[in-house]
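Only one structure is covered here, and it is reproduced in the block below.
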Amino acid sequence: MLISGSARILTMQDWRIMNRFGVIMAGGGGTRFWPLSRKDLPKQFLNLTGTDLMVNETIDRMALSVPGKDIFIVTNASQADLMLSSTDGRVDKDHILAEPAARNTSACIGYAAMEIVKKYGDGIMCILPSDHYIKNMEGYTAVIEEAFLAAEKTDHLVTIGIRPDFPATGYGYIKRSTRLQDGYHKADDFVEKPDVRTAKEYIKDGNYLWNSGMFIWKASTILKHFKDLLPDIYVCLEEIGNAMNTEQEESVIARIYPEIPKISIDYGIMERSQDVLVLEGNFGWNDVGSWDALQALYDEDENGNIIYGDQIHIDTKNCIAYAKNKLIAAIGVEDLIIVETDDAVLVCHKDKAQDVKKVVEGLGELGRTEYL
């Protein structure tokens, strides 16, 4: 079966012969997981599930669909050494791409695409954030495989939308429209984080999916979109690409990369492209964006509490409490997040979990860098 529309269709001779590459975006600061997540140990380097570091869990998921030798990680230069040691044995050392400056997801993805095209030829990129949680691995792998096939057969950009099971206000949404022959949908619109009332309307509508931030496409296809939609960024990427495989590569990246305009891939390309396909996923996904996400990682006790570490709770209900070293004792409180680390304690209402990053911003403004 063929996907309708204006996309170029590959012949059967070409189909399913393209190389697959994995790209993991791992340059974030994880500020909403303060005080556990810090500048020198951000969220992707934490073991929140009890299994492994979040970035290593992402690598292992990626390796189910992409050869390990073809997985790349894009991270901040300040985190590169830690990334090398943390992922040793899982990812080739020269596949850890260090950004001299944080320039948002467009630059990160464009850099990886140019690396692949210039050094390895064209191929299909599967791009994942480094800090998501997936419960149903079989369902996840099936959807990723379907997305690879969609990207291989067409020149569309493919993204994964998650079927919402509650009116989340912390996620962006994708509105899907036309259903195509192979079961994919055209992405009609990308919308920002809604209020509760709007989120409830989205769920009732049935055509809105959570924006997972997972993308699959040909490296050449996304670079063409950069050239057409983000020409200022493409000029920078092209200059970097022209220096690849030369002695000037490192110096050109150091000079050009900090000048790349800051813009997210969602705003810069996904929201503006007419060639986006969305596949629905329903595999127990959570972006682990803030402390309230621990509800997806751990079982609640009989009072609805999520408890990690040494603790005693008396008449507490619906709390999330994380103890690193010291005993946490809570009495008669409800709907709180309580986090204890070596040098800081966080207490906030669960409804304010998204605002923890404001504490980090405030500490920065006060010059309290020892807590960042």
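The values are calculated or read from the model by the stated rules, or taken from the named source; none is laboratory data. Please read these numbers as outputs of a predicted model, since none were measured by experiment. Cβ sites come from the backbone with ideal geometry, for glycine too, and all protein chains shown count toward neighbours.
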* Can Ala293 be described as among the aliphatic types (A, V, I, L, M), surrounded by 14 or more Cβ atoms within 10 Å (Cβ to Cβ) and at pLDDT below 95? -> yes
* Matching residues in segment 250-307 - criterion: being among the acidic types (Asp, Glu), assigned to a loop (DSSP other than H, G, I, E, B) and closer than 30 Å to Ala151 by Cα -> Glu271, Asp275, Asp287
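Taking into account only those residues within segment 263-298 that are touching a strand residue (DSSP E or B) at 6+ places or on another chain (Cβ under 8 Å) and of a type in the set (D, E, K, R), which is nearest to Glu152 (Cα to Cα)?
The residue in question is Asp275.
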* **Listing of strands (runs of 3 or more DSSP E) fully contained in segment 47-137 that carry 3 or more residues being closer than 17 Å to Ile240 by Cβ and modelled with pLDDT of 95 or more** => 71-76, 96-99
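Results for (1) buried (at least 16 other Cβ atoms within 10 Å of the Cβ); (2) outside any strand (DSSP E or B), shown as yes or no for each residue.
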residue	(1), (2)
His313	yes, no
Asn325	no, yes
Ile338	yes, no
Asp351	no, yes
Val356	yes, yes
Gly362	no, yes
Glu370	no, yes
* Asked: Would you call Gly28 assigned to a strand (DSSP E or B) and small (Gly, Ala, Ser)?
  -> no
* Asked: Within segment 147-155, is even one residue among the aromatic types (Phe, Trp, Tyr), more than 24 Å from Lys200 (Cα to Cα), crowded, with 17+ Cβ neighbours inside 10 Å and in contact (Cβ under 8 Å) with a residue 40 or more places away in the chain?
  -> yes
* **Inter-residue pairs, beta-carbon under 8 Å, first touching a residue at least 24 places away in the same chain (Cβ under 8 Å) and under 17 Å from Ile134 (Cα atoms) and in segment 159-181, second crowded, with 18+ Cβ neighbours inside 10 Å and basic (Lys, Arg), 6+ apart** => Gly161/Arg176
* To do: Being more than 14 Å from Glu334 (Cα to Cα) and either more than 27 Å from the chain's Cα centre (by Cα) or at pLDDT 95 or above (or both) is the filter here, so list the residues in segment 301-311 that pass it.
  => Gly309, Asp310, Gln311
* **Number of the exception - Asp131 against (1) closer than 25 Å to Gln274 by Cβ; (2) surrounded by 15 or more Cβ atoms within 10 Å (Cβ to Cβ)** => (1)
* List the number of the failed condition for Ile174; all other conditions in (1) part of a loop (DSSP other than H, G, I, E, B); (2) closer than 18 Å to Ile127 by Cα hold. => (1)
